[in-house]
Amino acid sequence: MTSATRRAHAPRTTHAAAPLDAETRAGTGQAVDTGHATRTGHATGSGHAAGTGHAPCHHGELLQGVFLDADGRRCAGLVTLPLAGPGSRADFVRRPGTPPEALTVLPADRGKAARAARLAVTECARQVGLLPSGGELLLSGDVPVGLGMGSSTSDVIATVRAVADSYGLRLAPDAVARLAVRAERASDPLMLDARPVLFAQREGRILEVLGPALPPLVVVGCVLGGGAPVDTLALPVREFTGADVQEYGRLRALLRRAIATGDVQLLGQVATASARRGQQALQQSEFEDLNAIARRFGAAGVQIAHSGAVAGVLFDPAAPGDLRSRLRACRHALNAHGIPTTRTFTTKELLDGPARRRGDRPARPDTSRRPSRLPAL
């Protein structure tokens, strides 16, 4: 891993996803389709070729459930709350002439990223007319594992982008989404930009673009259950009724309206309703305390990770009163009730660019013990 390790400390080059064509996607319910891969100018001939990829994470969901697509078919979908800052980095060194199964991954326990690398190698080699080959993949980053922040998807997307970069390609978001779903069966929409979308996570397609951007929010982040990772495979499988689908359709329409009008209070109501429905599976003991604290300090609502422990109290920065004092009091109350706070952030960061980050620390093989507490902004 010597070559890849050296690249882990090289200057970072972010490969952003190609922009969506809003004219053909907004509200159509069709799959993402932004055209073919583009060349990045890297050599694809003989010899070792290296590539780098990055991907962000998210802070759980604003809405998650079962929705109808444009054809009236039921499908699972979600709207994530993007988070600027933490993310994954992948460095891939391609070894032409080696068999594609000769793939080394560090940390060795990143099975989903390893599958993504093999799938991406096959796809990228096909596009440039080369034989698939093996290589070395090094993953690093600062996304906590098991909290529902998309750590595995972040690893997978960074891996796909690094492999593509090593072939001199930049894959379109729809291609990245297809590979991500094949690698991990369900994927968060981290390959897209920060626009709020209803995303079919098991199919890798957009059901609806809900608007150009989320309204301004201030989020007091915290973790439920003491920050213990959630075993999503152990959660009960719920059968959704027609009434459930109707209710999620209603919440979808309300969220669309909240984003269109910049109504933070309405957005908070939708997120809280979705979080409450999520308790049928998660059954987090602190959830009612979280809601009570949000109401006490005039928050718009709460949001959670529907497959993890991370949560947030949502504030409208334009609401009357001393916001700074309310945020401070909210954090104090959460900690006093045994709900550890993590970071306070705003959706404005998504428009202004990520917060300045400390350098990526290499991810260790014992990633399950990565700290769940996130640095405060």
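Take the conditions (1) surrounded by 23 or more Cβ atoms within 10 Å (Cβ to Cβ); (2) touching a Leu at 6+ places or on another chain (Cβ under 8 Å); residue 128 misses just one of them, which is (1). Only residues that are touching a residue at least 12 places away in the same chain (Cβ under 8 Å) and in a loop (DSSP other than H, G, I, E, B) were counted in the range 73-98, giving 3.
Counting residues in the range 279-296 that are more than 25 Å from residue 238 (Cα to Cα), open to solvent by 20 Å² or more (accessible area, probe 1.4 Å), touching a helix residue (DSSP H, G or I) at 6+ places or on another chain (Cβ under 6 Å) and in contact (Cβ under 8 Å) with a residue 24 or more places away in the chain gives zero.
For the condition touching a residue at least 12 places away in the same chain (Cβ under 8 Å), open to solvent by 10 Å² or more (accessible area, probe 1.4 Å), of a type outside the set (D, E, K, R) and within 18 Å of residue 51 (Cβ to Cβ), residue 171 qualifies.
Does residue 120 count as among the hydrophobic types (A, V, I, L, M, F, W, C), under 30 Å from residue 310 (Cβ atoms) and assigned to a helix (DSSP H, G or I)? Against the criterion (among the hydrophobic types (A, V, I, L, M, F, W, C), under 30 Å from residue 310 (Cβ atoms) and assigned to a helix (DSSP H, G or I)), residue 120 qualifies.
Hey, among the residues in the range 174-186 that are out of contact with any helix residue (DSSP H, G or I) (no Cβ under 7 Å at 6 or more places or on another chain) and basic (Lys, Arg), which one's least open to solvent (accessible area, probe 1.4 Å)? Ranking the candidates gives 178 first. Scanning the range 151-168 for residues that are open to solvent by 10 Å² or more (accessible area, probe 1.4 Å) and under 13 Å from the mean Cα position of the chain (by Cα) turns up 151, 152, 155. Checked against the criterion of being part of a helix (DSSP H, G or I), touching a Ser or Thr at 6+ places or on another chain (Cβ under 8 Å) and either open to solvent by 10 Å² or more (accessible area, probe 1.4 Å) or modelled with pLDDT of 95 or more (or both), the range 99-113 contains one or more residues that satisfy it.
Open to solvent by 20 Å² or more (accessible area, probe 1.4 Å), in a loop (DSSP other than H, G, I, E, B) and in contact with a Lys or Arg (Cβ under 8 Å, 6 or more places away or on another chain): is that true of residue 238 in this structure? In short, no.
Screening residue 139 with (1) at pLDDT 95 or above; (2) open to solvent by 10 Å² or more (accessible area, probe 1.4 Å) gives one miss only, at (2). Whenever a residue of the range 332-344 is under 18 Å from residue 81 (Cβ atoms), its partners that are open to solvent by 50 Å² or more (accessible area, probe 1.4 Å) and among the aliphatic types (A, V, I, L, M), lying with C-beta atoms within less than 6 angstrom and at least six residues away or across chains, give the pairs 343/376; 343/377. The one condition from (1) outside any loop (DSSP other than H, G, I, E, B); (2) open to solvent by 10 Å² or more (accessible area, probe 1.4 Å); (3) within 27 Å of residue 302 (Cβ to Cβ) that residue 145 does not meet is (1). All but one of (1) within 19 Å of the chain's Cα centre (by Cα); (2) over 24 Å from residue 115 (Cβ atoms); (3) modelled with pLDDT of 50 or more hold for residue 87; state the number of the condition that does not hold. Looking at each condition in turn, residue 87 falls short on (2).
The values are calculated or read from the model by the stated rules, or taken from the named source; none is laboratory data. The shown structure was predicted, so the numbers you read here are calculated from the model rather than taken from an experiment. Cβ atoms come from the backbone with ideal geometry, glycine included; neighbour counts cover every protein chain shown. Only protein heavy atoms, including side chains, enter the accessible area calculation; ligands, DNA and RNA are left aside. Shrake-Rupley method; radii C 1.70, N 1.55, O 1.52, S 1.80 Å.
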